[in-house]
1. Do you know which residues across the range 1-29 are loosely packed, with under 13 Cβ neighbours inside 10 Å, modelled with pLDDT of 90 or more and touching a helix residue (DSSP H, G or I) at 6+ places or on another chain (Cβ under 9 Å)?
2. Return the only residue of Ala49, Ala40, Ala11 being out of contact with any strand residue (DSSP E or B) (no Cβ under 8 Å at 6 or more places or on another chain) and part of a loop (DSSP other than H, G, I, E, B).
3. Only residues that are surrounded by 15 or more Cβ atoms within 10 Å (Cβ to Cβ) and closer than 10 Å to Ala8 by Cα: list them for the range 30-43, please.
Amino acid sequence: MKRAAAEALAAIVGDDLAADCVIPGPFDPRVAPAVAAAVAEAAKTEGLADG
């Protein structure tokens with residue numbers, strides 16, 4: 001689930017990757033939904049959540 005969260009963060013940066021933009025800021029409105037969805041999917045895949 002940690003890896004899923006990290007990959008979701010990396011996907012948000014995408015083409016904006018630069019020395020000063022390695023991960024999005026914590027207040028970026030795309031962060032919470034992307035991480036939540038990725039972690040939920042990982043939990044389902046690992047059999048740790050219903051769905």
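1. Lys2, Arg3, Ala11
2. Ala49
3. Val31, Ala34, Val35, Ala38, Val39
The values are calculated or read from the model by the stated rules, or taken from the named source; none is laboratory data. Everything numeric here is computed off the predicted structure, so don't read it as measured data. Cβ sites come from the backbone with ideal geometry, for glycine too, and all protein chains shown count toward neighbours.
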